[in-house]
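Below is one structure, written out as structure tokens, with a few remarks after it.
The values are calculated or read from the model by the stated rules, or taken from the named source; none is laboratory data. Here the structure is a predicted model, which means the values were calculated and not measured. Neighbour counts run over all protein chains shown; Cβ positions are idealised from the backbone, glycine included. Just the protein is used for accessible areas: all its heavy atoms, side chains included, with ligands, DNA and RNA removed. Shrake-Rupley method; radii C 1.70, N 1.55, O 1.52, S 1.80 Å.
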Amino acid sequence: MIRMGLSREEQESIFLFNEADNKAAIYTHNKALQNKLRLYAQERPAECQFVKDCGEGGLEFVCPKTWLRIRPPRVASEAQKAAARAALAKAHSINSEP
């Protein structure tokens, strides 16, 4: 059987670390993440390293686990949203004056 590449479900990103080490292994098919990690590996080789091309689009990197974050979207109140809309409308009206 000839395989035509991985399905979207098979194109995983895996972050692997343990409590003893200060490094995390990152295996990913995500192009945006790959590009960021490649850039970090070039700019900061002492901290972030490209490990290998795993084939079929997956790459593996190692970086400090302190770089890993989970940030949920900020929740704005209705008052904050209204204030932001007003500020945007004011800025737009100032910029569009002749």
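Structure above, values below:
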{"read-out": "Hits in segment 42-96 - residues which are open to solvent by 60 Å² or more (accessible area, probe 1.4 Å) and among the β-branched types (Val, Ile, Thr)", "value": "Val51, Thr66, Ile70, Val75, Ile94"}
{"read-out": "Selection count, segment 48-75, where residues are under 16 Å from the mean Cα position of the chain (by Cα) and charged (D, E, K, R)", "value": "4"}
{"read-out": "Unmet requirement for Leu39, which otherwise passes all of (1) open to solvent by less than 70 Å² (accessible area, probe 1.4 Å); (2) out of contact with any Gly (no Cβ under 8 Å at 6 or more places or on another chain)", "value": "(1)"}
